[in-house]
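Worksheet: one structure, shown below.
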């Protein structure tokens with residue numbers, strides 16, 4: 001059987017996205033979360049028209065590209081917005097941009113670097129003991145020892161509270177390489 | 001594609017039931033290109049602040065509302081069953097009725113008359129699957145149908161308790177479209193209604209119904 005001519009092939013849309021989570025999310029887990037949500041939300045008939053494929057995903061930067069049919073772009077974005085959990089790890093997928101070609105997508109949306117620094121030092125947040133574990137942009141993610149908030153985090157399948165640098169007391173960020 | 005903007009009037013910080021500081025939520029919202037209001041029952045100077053009220057009867061509600069209206073930018077009422085929902089739409093000072101479930105026609109009429117917006121929370125959709133998500137979509141269908149008939153406003157919120165539950169404008173718009181909202185209805189639920197709530201100048205307490 002010959003190939004389908006180019007003019008008859010289905011048009012694709014490429015979506016650049018960023019995964020946000022307190023956990024490292026593996027490619028297989030992410031793919032499972034997206035596909036499971038799409039299948040449950042759209043049903044078999046519509047999911048078959050989605051033509052979804054996770055093209056690449058950088059587990060360190062948590063950035064990726066997926067493709068879908070151009071006719072199903074709206075449904076794909078709605079599915080991505082409703083992904084919230086995989087293997088009891090809370091995550092969210094933020095769409096960075098959509099393009100018709102991979103080249104344009106990389107140029108427009110994936111040039112920026114989003115480095116997450118892993119650090120480890122103790123500090124105070126409003127007189128509570130915390131342990132700072134991650135830093136990116138102006139943001140700080142920290143473990144907290146207060147039981148009520150730890151339980152809250154556990155119930156939400158999260159590990160860290162979210163703060164910004166200026167809220168942390170007793171810490172000189174340059175000492176910790178931030 | 002129209003310009004899509006989103007004002008999310010129901011988020012919670014670590015000061016109530018959330019896990020992030022208010023400043024972090026504001027910064028995360030900026031990155032997502034949305035504006036937020038925080039409903040901790042605390043008045044913040046840097047962001048729109050709301051309070052969620054609960055009451056057993058009108059008298060108690062009036063007392064709480066009169067205390068809250070001068071302090072907060074907007075007032076939410078926690079509904080649930082028929083009685084609570086009706087109570088929540090009985091005062092013009094209430095801006096948003098939350099956790100409504102499927103409302104009835106009486107509540108719909110009163111909500112339209114008193115300009116109380118009915119909430120749709122993305123959090124309910126995000127954290128449910130299959131059967132329970134189907135039930136929530138049915139509730140949204142019911143409320144959307146009544147909104148078209150009686151003319152009350154629908155407002156969409158994230159109900160976020162963490163930074164990962166915030167959603168940007170485009171994603172929210174697509175979810176609403178998928179739920180059966182027309183383009184204008186979605187834009188109104190995301191931006192026009194919350195904007196008018198924040199701008200609204202309250203009249204005096206007036207009980208109807």
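At a glance:
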| item | result |
| --- | --- |
| Potential extension, residue A:150-residue A:126 segment - 0.36 nm per residue separation minus Cα distance | 7.1 nm |
| Distribution of pairwise C-alpha distances over chain B, 5 Å bins, in % | 1, 8, 17, 21, 21, 17, 11, 4, 0, 0 |
| Packing rank of A:79-91, A:7-19, where each peptide gets the mean count of other beta carbons within 10 Å, highest leading | A:79-91, A:7-19 |
| P(r) weight above 18 Å for segment B:75-184, C-alpha pairs, percent | 47 |
| 10 Å Cβ neighbours from other chains, averaged over peptide A:161-169 | 5 |
| Overall form of segment B:1-90 per C-alpha gyration tensor (a/c, 1.5; a/b vs b/c) | prolate |
| Shielding score for B:6-17, defined as the mean number of other chain Cβ atoms within 10 Å | 1 |
| Highest-fluctuation residue, B:110, B:179, B:91 considered, GNM on chain B with Cα pairs under 10 Å | B:179 |
| Computed E for residue A:49/residue B:43 - FRET, C-beta separation, R0 51 angstrom, nearest 0.05 | 0.55 |
| Cα gyration tensor category, rounded, prolate or oblate, for segment B:21-140 with a/c compared to 1.5 | oblate |
| Radius, Kirkwood style, for segment A:1-104 when every pair of distinct Cα atoms is counted (Å) | 14.2 |
| Tensor-based shape of segment B:152-197 (alpha-carbon gyration tensor, a/c under 1.5 rounded, otherwise prolate or oblate) | oblate |
| Segment A:95-140 - Debye-derived log10 I(q)/I(0), Cα point model, q = 0.15, 0.22, 0.23 Å⁻¹ | -0.57, -0.78, -0.82 |
| Computed over segment A:61-162, the ratio Rg/Rh where both radii use C-alpha atoms and Rh is Kirkwood | 1.07 |
| Full-stretch length increase - residue B:66, residue B:195 - with 0.36 nm per residue and alpha-carbon distance subtracted | 44.2 nm |
| Whole-number D in µm²/s for the protein assembly as shown (Stokes-Einstein; Kirkwood sum over Cα pairs; 10 °C, 1.306 mPa s) | 72 |
| Stokes-Einstein D (µm²/s) once Rh is taken as the Kirkwood radius of chain A over alpha-carbon pairs, at 20 °C in 1.002 mPa s | 117 |
| Two-decimal Rg to Rh for segment B:123-175 - Kirkwood Rh, Cα set | 1.00 |
| Selected from B:57, B:168, B:142 as most flexible by GNM, with chain B as the system and alpha-carbon contacts under 10 Å | B:57 |
| Kirkwood Rh and Cα Rg combined as Rg/Rh, segment A:1-54 | 1.08 |
| Calculated P(r) tail over 18 Å for segment B:40-91, as whole % of Cα pairs | 30 |
| Segment A:116-176, Cα convex hull volume normalised per residue, Å³ | 77 |
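Every read-out reported here was derived from the displayed coordinates using simple, explicitly stated rules and does not represent laboratory data. Keep in mind it's a predicted model, so treat the numbers as computed, not measured. In this analysis, Cβ positions are derived from the backbone assuming ideal geometry, glycine residues included, and neighbour counts consider all displayed protein chains.
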